[in-house]
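*Asks:* Pasting a structure here, questions to come.
The values are calculated or read from the model by the stated rules, or taken from the named source; none is laboratory data. For clarity, every value in this text was computed on a predicted model and none was experimentally measured. Here the Cβ is made from the backbone with ideal geometry for all residues, glycine too, and neighbour counts use every protein chain on show.
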There are 2 protein chains.
Amino acid sequence: MKITMAHGSGGRQTAQLIDEIFKKANSNPVLDMMEDSAVVAGDTKIAITTDSFVVTPLIFKGGDIGSLAVCGTVNDLLMRGAVPKYITSAYIIEEGADAELLTKIAASMAETAKEAGVTVVAGDTKVIEGNGGIYINTTGVGFVNENTDIKSANCKNGDVIILSGTLGEHHAAILSERMGVKNNIQSDCAPLGEMVQNMMNTGIEIHAMRDITRGGLGTVLNEFANVSNCGFEIAEEKIPVTPEVEGFCKILGLDPLHMGNEGKMIAVVAEKDAEKAVQIIRKSKYGENAAIIGTVTDGEGVTMLTRLGGRRTVTELYGEGLPRIC
Amino acid sequence: MKITMAHGSGGRQTAQLIDEIFKKANSNPVLDMMEDSAVVAGDTKIAITTDSFVVTPLIFKGGDIGSLAVCGTVNDLLMRGAVPKYITSAYIIEEGADAELLTKIAASMAETAKEAGVTVVAGDTKVIEGNGGIYINTTGVGFVNENTDIKSANCKNGDVIILSGTLGEHHAAILSERMGVKNNIQSDCAPLGEMVQNMMNTGIEIHAMRDITRGGLGTVLNEFANVSNCGFEIAEEKIPVTPEVEGFCKILGLDPLHMGNEGKMIAVVAEKDAEKAVQIIRKSKYGENAAIIGTVTDGEGVTMLTRLGGRRTVTELYGEGLPRIC
C-alpha cells in the first residue's frame, strides 16, 4: 500500500494508518489513551531535547531512520547525565511512501526504544506532498539527579579525554549507500545508556560528555575547548578507526575527525577516575574499543600529536559535511 | 536569501542560519547554552505532547505556521489541566525557502510563546530537498498538579458541555486562502491558557477538555461519548458560528461541526459549576462568545436538537477533511 494525502486528512484513513502501523508497533497505557497530551510521573530536574531525522536512504547497513531517531535523542539526554524516560514520535510522511517500509521503521523504532529504556508517550502523523520520503522528529525527556552538573563548560586543565569507540562508521555507511559502494561498513547507530549509567552509578567524576554526530570529533572538541577556555591535546595513534573506514577515508580524502557517528561519545573525566572510566566503557555494550585519547590543558584550541611525531591544529568542520546523514 | 542544502549540512552555513534567524528570534540562558539537551526544573507530574505542523499556506489571515505551532501544542497541554512550561522547536526546511519568510515565522513563534508563557528550551534545524516548504514540530512539557485528573473518559451523566467560542474560523480561513476567495474570515489560532487557568484556579470541577482541531466538534464529542460511555446532547441554536463562516459553509456545503479551529475548546464540567465556568471563559481573552451548548446524558453517541426542532445524530468526521490545515 502507498500512503496518499487522504492518510493525512484527519479522517478515517488517518485513523487506520495510526491503528495499523503505529499502534501495532507501539502500544502502552499512556499512548493508548489517545489524549491531547500524556500525563506521566516527573522529577524535580528534567532534561529535554529535540531532533528531527531526515537521513537518506531510510534504511542503511546497521540501522534505519527509526532506530536513528531513538538513538540520537536518547544519547542527547544521556550526555547531560540524564536518565532517559520518555520519547515522542512525530512522523511527517510524503505521499507515495510505502506502508510496508513505514511498518518496518516503526517496528525498529519501538525495538530501539525498548533497548534504550524509554517509553513512547506521544505521537503525531502528518502527510505532505512529495515522493515517498519519511521524516521523524523525536523529543526526549529524562530525569536528572539534583547534584548532576555535566556540561561542555566544565572541562578542566588535567582532565582526561575518553573516546568510546571507533570513528566514522555512520558517515561512511551512509556515504557508501548513496554512492552504491559495496563494503561491510555498518552504521554504529546505538543507544549509549549502559556506558553512561554505569559511569554515573560508579561515581566517576564526569565533567562533560558529547555524542559525536554531524561535525565529528574535531567539532565537538573545539566546542568544548571554546566554552571551557581550555586546550585539548589528543594523540592520533590513540584514536581508534577500523581498517575498513580508514581505507574508505583514504580513497575519498575524508578525515575521520570530521565524520559523524551515531553511537560514539566523548567523555571528559577527572584524571583520578580516567582508567576506571575507560574500563567501565569497555565492558559495556558498544564500548569495547574505548580509549583514552588525550588530556585537557591550560592552553587553547585542539592540537593533535600526529603518528609521525608532528603537531597539528584540529579545526571544527569548516567545509560542508555530507547533508542528510541524520 | 534562499535556503540551500548547504544550510543543512552541519557546517558553517548551518551555524549562520541558526545564529541569524533562530537565535535572533529566541534567546534565553537555557537555549543559548547550545548543549545536547536542556536541563530545567521539573515537577512530580508532567504532561508531554508533540505535534508537527505542515499547514499551507505558511502565512494566513490571523496567523502563520509559527504561531500555530505554539498554540497547537500549548493548547494540548492545557487540555489535560497542565500549566505549559517548555516547548521545543524543530524546523524541517525545504531548499528554496525564503530566509525572510523564515525570519517572520520564527519571530511570530517567539511572540506567541511569550504570550503563552512557555520557554523555548531546545531547537533543531534540518534542510531537505523540495520547493521552499517549511514544517515545524513542537513538543511541549507542562506541570500537572498532583490532584488534577482531566481526561476524556471522565465525562458523567448530568455534566454540562461548554464551547469556548465560534466554530470553523481556522478551517474557513485556510480554505479561503487556498481557493483565493476574498473575505474577512481570520484564523482563530490562539493560546487558551487564560481561560483554562482561570477555571482551574477558581476550583471549577472540570471533567474533560479538548481543543477543537482537525475533525471538528463532532469528532471531539464522539470521542468523549465513546470513552466515557455517555451520550452527548447539544442544541444547534446554542452553537456560536459567525455569519461570515456560516455563509461560507452554505456556499461550499461544509458543516461547521466538522471544521477545524485552532483557538477553541470544549470543556465538560460538573453541572453545579457550569454557569460560573462559562462566565470565566467569557471574561478571558479569546472566550467572549463562550456558550453552554448541551449536556451529557446516560445515553450513547452524539445527538443534536436542530433549529427546526428535529433531532439528528452527529457523527465523527467520516469523509476526508481538508488536508494540511495544521
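*Asks:* Quickly run through the range B:254-290 and pick out the residues that are farther than 27 Å from residue B:55 by Cβ, under 19 Å from the mean Cα position of the chain (by Cα) and surrounded by fewer than 22 Cβ atoms within 10 Å (Cβ to Cβ).
*Replies:* Step one: of the range B:254-290, the residues farther than 27 Å from residue B:55 by Cβ are B:268-280, B:282-283.
Adding the requirement that they be under 19 Å from the mean Cα position of the chain (by Cα) leaves B:268, B:282.
Within the range B:254-290, B:282 is the sole residue that qualifies.
Conditions tested, residue by residue: (1) in contact with a Phe, Trp or Tyr (Cβ under 6 Å, 6 or more places away or on another chain); (2) within 29 Å of residue A:11 (Cβ to Cβ); (3) modelled with pLDDT under 95.
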| residue | (1), (2), (3) |
| --- | --- |
| B:271 | no, no, no |
| B:286 | no, yes, no |
| B:303 | no, yes, no |
| B:321 | no, yes, yes |
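*Asks:* Of (1) surrounded by fewer than 19 Cβ atoms within 10 Å (Cβ to Cβ); (2) in a loop (DSSP other than H, G, I, E, B); (3) of a type outside the set (Gly, Ala, Ser), residue A:323 satisfies all except one. Which?
*Replies:* (1)
Residue-wise test of (1) more than 17 Å from the chain's Cα centre (by Cα); (2) farther than 26 Å from residue A:93 by Cβ; (3) more than 9 Å from chain B (Cβ to nearest Cβ).
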site	(1), (2), (3)
A:121	yes, no, no
A:142	no, yes, no
A:149	yes, yes, no
A:168	no, yes, yes
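*Asks:* Within the range B:47-78, can you find the residues that are within 8 Å of chain A (Cβ to nearest Cβ) and within 10 Å of residue B:140 (Cβ to Cβ)?
*Replies:* Correct list: B:47, B:48, B:49, B:50, B:51, B:75, B:76, B:77.
*Asks:* Which is within 24 Å of residue A:151 (Cβ to Cβ), assigned to a helix (DSSP H, G or I), within 14 Å of chain B (Cβ to nearest Cβ) and of a type in the set (Gly, Ala, Ser), of A:260, A:218? Give the derivation first.
*Replies:* Working: A:260 fails: assigned to a helix (DSSP H, G or I).
Sole residue among the options that is within 24 Å of residue A:151 (Cβ to Cβ), assigned to a helix (DSSP H, G or I), within 14 Å of chain B (Cβ to nearest Cβ) and of a type in the set (Gly, Ala, Ser): A:218.
*Asks:* Restricting attention to the range A:124-150, which residues are crowded, with 21+ Cβ neighbours inside 10 Å and over 30 Å from residue A:98 (Cβ atoms)?
*Replies:* A:141, A:142, A:144, A:150
*Asks:* Also, quick follow-up: Somewhere in the range B:11-29, is a residue in a strand (DSSP E or B) and buried (at least 22 other Cβ atoms within 10 Å of the Cβ)?
*Replies:* Within the range B:11-29, not a single residue is in a strand (DSSP E or B) and buried (at least 22 other Cβ atoms within 10 Å of the Cβ).
*Asks:* May I ask you to list the residues in the range A:301-326 that are away from chain B (no Cβ under 14 Å), touching a residue at least 40 places away in the same chain (Cβ under 8 Å) and within 27 Å of the chain's Cα centre (by Cα)?
*Replies:* Initial filter on the range A:301-326 (away from chain B (no Cβ under 14 Å)): A:301-314.
Next, only the ones that are touching a residue at least 40 places away in the same chain (Cβ under 8 Å) stay: A:301-307, A:314.
Within the range A:301-326, A:301, A:302, A:303, A:304, A:314 meet the criteria.
*Asks:* Give the residue, chosen from A:43, A:36, that is surrounded by 17 or more Cβ atoms within 10 Å (Cβ to Cβ), at the interface with chain B (Cβ under 9 Å from one of its Cβ atoms) and not in a loop (DSSP other than H, G, I, E, B).
*Replies:* Details: A:36 fails: not in a loop (DSSP other than H, G, I, E, B).
Just a single option satisfies the conditions, and that option is A:43.
*Asks:* Restricting attention to the range B:155-194, report how many residues are among the charged types (D, E, K, R) and closer than 20 Å to residue B:53 by Cα. Steps first, answer last, please.
*Replies:* Residues of the range B:155-194 among the charged types (D, E, K, R): B:156, B:159, B:169, B:177-178, B:182, B:188, B:194.
Of the ones still in play, those that are also closer than 20 Å to residue B:53 by Cα are B:169, B:177-178, B:188.
Within the range B:155-194, residues that are among the charged types (D, E, K, R) and closer than 20 Å to residue B:53 by Cα number 4.
*Asks:* If you check every pair at least six apart or on different chains, which have Cβ atoms under 7 Å apart with a residue in the range B:208-229 that is closer than 18 Å to residue B:170 by Cβ first and a residue that is of a type in the set (Lys, Arg) second?
*Replies:* Short answer, once both residue conditions are applied: B:211/B:264; B:212/B:264; B:220/B:210.
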